[in-house]
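The values are calculated or read from the model by the stated rules, or taken from the named source; none is laboratory data. Because the structure is predicted, anything quoted here is derived from the model rather than measured. Every residue, glycine among them, receives a Cβ derived from its backbone with ideal geometry; neighbour counts consider all protein chains shown.
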Amino acid sequence: MTGFFYSRLRNVPFVFYVADLWPDAIRDNLELNKEGVALKFARALERWSYRKADYVCAVTEGILSELQRRKVPQSKLLFLPNGVDLDQFAPMPPDDSLRHQLGLQEKEIVLYAGTHGYAHGMERILGAARVLQERRPQCHFVFVGEGSAKPAMIRQAKALGIHNVSFLDAVPPDQVSRLFSIAFCGVVSLNESSISQHTRPVKSLTAMSCGKPVVYIGSGEGSQLVKNTNAGFVLEQGDPDAIAEAICQLAVDPRLAKSQGQNGRKFIETNLAWPLLVGRWFDDLAGRLRMSQQQTQQQLEAVKSCTQL
């Protein structure tokens with residue numbers, strides 16, 4: 001609402017950026033059977049925002065399709081998918097000083113870097129860690145980031161006696177590449193929901209940009225991207241034994257891990273670099289603004305002609 005009123009005050013277009021379908025996300029994550037007053041108000045605000053926005057920008061193809069289904073006019077719709085800063089997230093030689101600092105000199109590191117939320121189903125990753133604790137004890141899981149599910153994750157790891165895990169605080173983006181430099185793969189997880197079908201987790205894009213294969217747990221647009229680019233393994237069901245098996249395959253076959261990592265990096269360079277995405281988006285927006293101005297001018301001239309008549 002603030003954005004809308006400020007746009008009118010300044011007489012500039014109001015672009016509403018849709019990164020998540022939040023009313024749906026709340027309903028699915030809380031597993032609500034009925035919608036109360038607060039959620040109904042959120043849906044009303046959502047519809048109001050779509051109506052008042054000059055342009056509505058979707059972050060994934062799934063969200064774009066959903067906005068079309070919700071009758072947002074095609075003339076309003078823009079598309080700006082998540083991209084990557086190729087310089088900030090790039091392959092680099094293993095940072096041995098960081099490995100030593102973390103006390104993981106002899107370990108094969110699996111990295112989860114990002115938000116620790118209940119929607120991510122991270123207990124499945126803990127299950128895989130428990131399996132590998134016996135099957136491949138040199139394998140170690142590093143979780144870096146914050147989120148509502150993190151305290152429960154730490155408690156669960158302690159309760160189950162899972163020792164091959166480390167939980168680190170969130171780090172600045174420029175430190176993520178250092179962490180990936182000592183990992184042999186990244187892991188991403190999303191619970192099954194209508195929202196996850198429309199999601200491309202930035203975690204997977206970051207791993208790909210750093211030249212590391214992704215073990216993707218879940219379905220939807222994000223899993224399809226990893227699968228189509230052959231940038232890792234996709235496990236839709238999230239069985240801990242299957243997750244552990246995929247991680248083992250990458251651990252015992254460095255050539256496979258390197259090949260999938262290179263596939264991911266190449267895809268990011270070609271399709272999801274920020275300058276490329278933003279350039280396309282700005283050209284699209286500028287073209288529409290010019291077209292809108294031309295239509296406004298034509299309407300004004302038509303009104304003048306009628307007035308003269």
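Below is a table of values for the structure above.
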item	result
Qualifying residues in the stretch 93-115 (those that are more than 30 Å from His198 (Cα to Cα) and among the hydrophobic types (A, V, I, L, M, F, W, C)) - the one surrounded by the fewest Cβ atoms within 10 Å (Cβ to Cβ)	Leu98
Hey, Leu67 in contact with a strand residue (DSSP E or B) (Cβ under 7 Å, 6 or more places away or on another chain), closer than 24 Å to Arg288 by Cα and assigned to a helix (DSSP H, G or I) or not	yes
Qualifying residue in the stretch 191-206 (condition: closer than 16 Å to Glu269 by Cβ, among the basic types (Lys, Arg) and in the same structural domain as Met122 (by TED's automatic domain parsing))	no
Selection from the stretch 103-131 of residues that are out of contact with any Asp or Glu (no Cβ under 9 Å at 6 or more places or on another chain) and either in a helix (DSSP H, G or I) or of a type in the set (Lys, Arg) (or both)	Lys107, Tyr118, His120, Glu123, Ile125, Leu126, Ala129, Arg130
Only listed residue being surrounded by fewer than 18 Cβ atoms within 10 Å (Cβ to Cβ) and outside the structural domain of Gly264 (by TED's automatic domain parsing), chosen from Ala159, Ala152, Ala90	Ala90
Complete set of residues in the stretch 136-149 that are farther than 20 Å from Lys203 by Cα and exposed (fewer than 14 other Cβ atoms within 10 Å of the Cβ)	Pro137, Gln138
Flag if Glu106 is more than 30 Å from Arg280 (Cβ to Cβ) and without any contact (Cβ under 8 Å) to a residue 60 or more places away in the chain	yes
Answer from Ala53, Ala58, Ala113 - the residue that is touching a residue at least 24 places away in the same chain (Cβ under 8 Å), within 21 Å of the chain's Cα centre (by Cα) and more than 25 Å from Gly261 (Cα to Cα)	Ala58
Selected residue (only one of Leu21, Leu39 is surrounded by 15 or more Cβ atoms within 10 Å (Cβ to Cβ) and either assigned by TED's automatic domain parsing to the domain that holds Tyr118 or closer than 18 Å to Arg200 by Cβ (or both))	Leu21
Any hit, the stretch 272-295, residues being crowded, with 19+ Cβ neighbours inside 10 Å, of a type outside the set (Phe, Trp, Tyr) and not in a helix (DSSP H, G or I)	yes
Residue match in the stretch 199-218 (condition: modelled with pLDDT under 95 and either surrounded by fewer than 24 Cβ atoms within 10 Å (Cβ to Cβ) or aromatic (Phe, Trp, Tyr) (or both))	yes
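A quick yes/no check of all residues on (1) aromatic (Phe, Trp, Tyr); (2) at pLDDT below 95; (3) within 26 Å of Ala273 (Cβ to Cβ); (4) not in a helix (DSSP H, G or I):
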| position | (1), (2), (3), (4) |
| --- | --- |
| Gln175 | no, yes, yes, no |
| Val187 | no, no, yes, yes |
| Phe233 | yes, no, yes, yes |
| Ala251 | no, no, no, no |
